[in-house]
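Undergrad: Dumping the structure here so I can ask a few things about it.
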Amino acid sequence: MASDQLKVLDVLDKAKTQLYHFTAVVIAGMGFFTDSYDLFSISLVTKLLGRIYYHVEGSSKPGSLPPNVAAAVNGVAFCGTLTGQLFFGWLGDRLGRKRVYGITLMLMVLCSIGSGLSFGSTPNSVIATLCFFRFWLGFGIGGDYPLSATIMAEYANKKTRGAFIAAVFAMQGFGILGGGAVAIVVSSIFQVLFPARAYSEDPTGSTVPQADYVWRIILMFGAVPAAMTYYWRMKMPETPRYTALVTKNQQKAREDMAKVLKVDIESGKEAVIKEEVQVVEKRNSFGLFSSEFLSRHGLHLLGTTTTWFLVDIAYYSQNLFQKDIFSAVGWIPKPKTMSALEELYKIARAQTLIALCGTVPGYWATVLLIDYIGRFAIQIIGFFFMSVFMFALAIPYHHWTEKSNHIGFVVMYALTFFFANFGPNSTTFIVPAEIFPARLRSTCHGISAAAGKAGAIVGSFGFLYASQNHDQSKADPGYPAGIGMRNSLLVLAVVNVVGFFFTFLVPESKGKSLEEMSREDEGDDQEQSNRKVVETA
């Protein structure tokens, strides 16, 4: 054991990759499958909600959500997520990771079901109920971010830690695929059972009454994967690092490790271990708002918060408004040429194709390479190529709107997703779980993640308005004129460039122990001398 580390943590860092590591990925990862399913499935059904609840008799266009309603439906879950990240991040450091882990999952299950059961006698009351449940759904999702990342980081060994944390986060890609697949299947079944003509042929009949069940089924399905893993999440023991460094119970840490990992930890030299705990506790007792934290980790926290904020502006703008971008370039037919369920089907098909070609491969490229080339390199590469492809889409934008160039547009657009996920969308989740002290790890991850969701809110609200046509007459009903799709893509490209430079504030954690990164294993000469005396005794 290194003289500056607790034996239990040293053994944990050197433990071989075992079955439990993969089990933990599945247990924590299913939470992230549910997170992304719930957060992104709403973008699939917003046009359907507009047709069902905001149809205007005699209009040449299908009904659409008014600007304030669309902003609320798309953004309210992010507000809940931001709040949940801060609250559960703090709570995870106070009560332990495991004790609050099940609460987040139950919130997700109950509120997914509640979202589908949204009730009311008027369109506004249905949407208000939907927003209520989606806020609390987001609150539960928010708690999953710091807890899942911290739990996986604190169980993994230092050699493969990055890959395992990335694998948990990569389940988001499958969640996006799952949302698209469910929407495709449900809309296809209902189209067969309840056929309808296009809006231009039959404005009222193009949206069958049974379509109201479709969006509810899609949203409620998010409860299934979360419920399936609740039992196993409750069976997980507390992480040894939290038990050893925060609650200071070395015996319990050894017992918990023995339950799940095949490691050999000596139980002798108890006096040495207790003395080391006292040294660590004394040396690392500073708080989040102390000058000591500011000098050690202030720039790190600035780096993790700003880069996550910036990448989420771009990433969530792209994800939530894929349907609008695809419609703008003509890849999805004009709404009036389709029935309500046909439009949902084609939106889901387009989103699933992008996820399959760009999003999912990007996540798993990170899993495969992160412990070889490092977090910093992946984040720099990701921001750089996101900027390049965004500029390549935006500058010759009118070229891509021509029908003969739609395939090229989709390829370029998919590449921006690939480099978002083989890049900052993954690394901003991983690094905050590795570089801060154990007693502040969940809190700092929650703060970093909350900054990201603030970026998602900016992206979801801002892009909705900014992407509207320069010409007021061509903007969506109820929206003011915007800066247009081309200029909106240019803004997102510039955001990625800024993220590239803020990455230089974030340290590389590849191959280093959590205690080394958080500097919990540092001590002055007197402390080193005192420990040698104790060890000799």
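The values are calculated or read from the model by the stated rules, or taken from the named source; none is laboratory data. All values derive from a computational prediction rather than experimental measurement. Every residue, glycine among them, receives a Cβ derived from its backbone with ideal geometry; neighbour counts consider all protein chains shown. Protein only, heavy atoms only, side chains kept; ligands, DNA and RNA dropped before computing areas. Shrake-Rupley method; radii C 1.70, N 1.55, O 1.52, S 1.80 Å.
Undergrad: Would you pick out the residues in the range 329-341 that are outside any helix (DSSP H, G or I) and open to solvent by 30 Å² or more (accessible area, probe 1.4 Å)?
TA: Passing the criteria: Gly330, Trp331, Pro333, Lys334.
Undergrad: Right, next: Quickly run through the range 14-67 and pick out the residues that are open to solvent by 40 Å² or more (accessible area, probe 1.4 Å) and closer than 30 Å to Asn425 by Cα.
TA: Lys14, Lys16, Thr17, Leu19, Phe22, Thr23, Val26, Lys47
Undergrad: I'd like the full set of residues that are part of a loop (DSSP other than H, G, I, E, B) and either of a type in the set (Gly, Ala, Ser) or at pLDDT below 85 (or both), limited to the range 24-72.
TA: Listed by number, the residues that qualify are Gly58, Ser59, Ser60, Gly63, Ser64.
Undergrad: Let me ask something else about it. Got a sec? Which helices (runs of 4 or more DSSP H) wholly within the range 184-303 have at least 1 residues that are β-branched (Val, Ile, Thr), modelled with pLDDT of 80 or more and open to solvent by 30 Å² or more (accessible area, probe 1.4 Å)?
TA: Passing ranges, in order: 211-220, 223-228.
Undergrad: Can you go through Thr150, Thr104, Thr122, Thr81 and tell me which one is among the β-branched types (Val, Ile, Thr) and in contact with a Leu (Cβ under 7 Å, 6 or more places away or on another chain)?
TA: None of the other options fit; the residue is Thr104.
Undergrad: Does the range 100-139 hold any residues that are of a type outside the set (A, V, I, L, M, F, W, C), surrounded by fewer than 20 Cβ atoms within 10 Å (Cβ to Cβ) and in a helix (DSSP H, G or I), and which are they?
TA: Gly102, Gly116, Pro123, Asn124, Ser125, Thr129
Undergrad: Which residue is modelled with the highest pLDDT, if the candidates are limited to the range 152-167 and must be in a helix (DSSP H, G or I) and over 20 Å from Asn425 (Cβ atoms)?
TA: Glu154
Undergrad: Here is a follow-up. Hey, could you check the range 430-439 for residues that are out of contact with any Gly (no Cβ under 7 Å at 6 or more places or on another chain) and assigned to a helix (DSSP H, G or I) and say which is nearest to Glu515 (Cα to Cα)?
TA: Applying the filter and picking the extreme gives Ala438.
Undergrad: Now a separate question. Restricting to the range 68-99, name every residue that is closer than 12 Å to Phe139 by Cβ and open to solvent by less than 10 Å² (accessible area, probe 1.4 Å).
TA: Ala77, Phe78, Gly80, Thr81, Gly84, Gln85, Phe88 - these are the residues of the range 68-99 that are closer than 12 Å to Phe139 by Cβ and open to solvent by less than 10 Å² (accessible area, probe 1.4 Å).
Undergrad: Can you pull out every residue in the range 456-474 that is over 12 Å from the mean Cα position of the chain (by Cα) and buried (at least 24 other Cβ atoms within 10 Å of the Cβ)?
TA: Once the filter is applied, which keeps residues that are over 12 Å from the mean Cα position of the chain (by Cα) and buried (at least 24 other Cβ atoms within 10 Å of the Cβ), the range 456-474 yields Gly459, Ser460, Phe463, Ser467.
Undergrad: Quick one: in the range 508-527, of everything that is modelled with pLDDT of 80 or more and surrounded by fewer than 16 Cβ atoms within 10 Å (Cβ to Cβ), which residue is nearest to Ala394 (Cα to Cα)?
TA: For the range 508-527, the residue satisfying everything is Glu508.
Undergrad: Restricted to the range 482-500, and to residues that are open to solvent by less than 50 Å² (accessible area, probe 1.4 Å) and more than 14 Å from Ala394 (Cβ to Cβ), which residue is farthest from the chain's Cα centre (by Cα)?
TA: Among them, the one singled out is Gly482.
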